[in-house]
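Sharing a structure, written as structure tokens. Questions coming.
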Amino acid sequence: MAEVLAGDYLSGLKQYRGIQGATLKDSITVADSDPPAVFRDDDVADLLQGLMSSGKIVEPDQAAELLYCVVMPPGCRFQDEHVIGEHSYFLYWHLDLGQLDVDVNWAHFAWVTNDGTLDSLTTILSHELVESCTDPEGTGWTADSGPCPPTGWCEIGDVCGDTGLVNGVTVQSYWSQRDAACVIPGKSA
Ligand SMILES: [Zn+2]
């Protein structure tokens with residue numbers, strides 16, 4: 001996703017609480033654990049909690065505005081099989097026995113399922129990325145009427161569906177209130 005972040009893709013988010021661009025801080029491959037064949041949000045949160053407390057990834061208070069993105073391995077699916085990606089947050093805690101101190105912070109994360117094609121993966125990931133930026137905890141930029149069944153509640157990626165290339169990477173369009181349209185800033189094709 002570094003290529004996407006290097007382009008203008010996120011520039012359309014400035015209209016929402018002045019959101020700036022983003023950078024890819026780090027990425028790791030987790031080879032020593034597999035998710036259950038049918039996983040839940042808690043399984044992803046548990047994975048992240050373990051990686052943070054063992055020092056394999058940074059903790060939420062070690063950098064500002066972190067979003068942890070998890071690409072699931074092929075062959076597993078979410079408990080609701082219609083959901084192929086999601087973003088959420090959990091309370092990260094870490095007990096420091098030396099200091100007799102407990103470190104507690106909110107950790108925001110997104111996960112995407114993996115059908116084995118890169119285009120699908122980056123499409124879902126871009127969708128979750130813009131929604132995490134604009135509505136990290138379900139209290140931000142949403143529409144409470146519109147085409148999202150069954151509740152009518154949707155985020156800025158849910159009302160759009162086009163894809164395009166940003167620096168050679170397939171991404172999904174998102175809703176721009178300013179343009180009253182779905183946009184892909186920085187799109188080349
Ligand atoms: Zn969505």
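The values are calculated or read from the model by the stated rules, or taken from the named source; none is laboratory data. Predicted, not measured: the structure shown is a model, and the values here were computed from it. Here the Cβ positions follow ideal geometry from the backbone for every residue, glycine too, while neighbour counts run over all protein chains shown. Calculation scope for accessible area: heavy atoms of the full protein, side chains included, ligands and nucleic acids excluded. Shrake-Rupley method; radii C 1.70, N 1.55, O 1.52, S 1.80 Å.
Residue 89 - would you say it is in contact with a Phe, Trp or Tyr (Cβ under 6 Å, 6 or more places away or on another chain), of a type outside the set (A, V, I, L, M, F, W, C), at negative phi and within 16 Å of the ligand (Cβ to nearest atom)?
It is true that residue 89 is in contact with a Phe, Trp or Tyr (Cβ under 6 Å, 6 or more places away or on another chain), of a type outside the set (A, V, I, L, M, F, W, C), at negative phi and within 16 Å of the ligand (Cβ to nearest atom).
Consider only pairs whose beta carbons are under 8 Å apart and that are at least six residues apart or on different chains; among these, list those whose first residue lies in segment 123-135 and is of a type outside the set (Gly, Ala, Ser) and open to solvent by 10 Å² or more (accessible area, probe 1.4 Å) and whose second residue is more than 10 Å from the ligand (Cβ to nearest atom) and part of a helix (DSSP H, G or I).
129/10; 133/10; 133/13
Hey, does segment 96-103 have a residue that's in contact with a strand residue (DSSP E or B) (Cβ under 6 Å, 6 or more places away or on another chain) and away from the ligand (no atom under 15 Å from the Cβ)?
yes
Read through the list (1) away from the ligand (no atom under 16 Å from the Cβ); (2) open to solvent by 60 Å² or more (accessible area, probe 1.4 Å); (3) within 17 Å of residue 118 (Cα to Cα); (4) touching a residue at least 40 places away in the same chain (Cβ under 8 Å), then give the number of the only condition that residue 69 fails.
Against the list (1) away from the ligand (no atom under 16 Å from the Cβ); (2) open to solvent by 60 Å² or more (accessible area, probe 1.4 Å); (3) within 17 Å of residue 118 (Cα to Cα); (4) touching a residue at least 40 places away in the same chain (Cβ under 8 Å), residue 69 comes up short only on (1).
On to the next question. Show the residue pairs that are 6+ apart or on different chains and have beta-carbon atoms under 6 Å apart, the first residue being within segment 148-173 and in contact (Cβ under 8 Å) with a residue 40 or more places away in the chain and assigned to a strand (DSSP E or B), the second being open to solvent by less than 50 Å² (accessible area, probe 1.4 Å) and within 14 Å of the ligand (Cβ to nearest atom).
Every condition considered, the pairs that remain are 163/123; 163/172; 170/123; 171/126; 172/123; 172/126; 172/127.
When you check residue 2 against the structure, is it among the aliphatic types (A, V, I, L, M), closer than 26 Å to residue 172 by Cα, open to solvent by less than 90 Å² (accessible area, probe 1.4 Å) and at pLDDT below 95, yes or no?
Yes: the conditions hold for residue 2.
Using the structure shown, decide if residue 27 is of a type in the set (S, T, N, Q), under 18 Å from the mean Cα position of the chain (by Cα) and either open to solvent by 80 Å² or more (accessible area, probe 1.4 Å) or at positive phi (or both).
yes
Right, another one. Take the conditions open to solvent by 40 Å² or more (accessible area, probe 1.4 Å), of a type outside the set (A, V, I, L, M) and within 21 Å of residue 9 (Cβ to Cβ) and apply them to residue 111. Does it pass?
no
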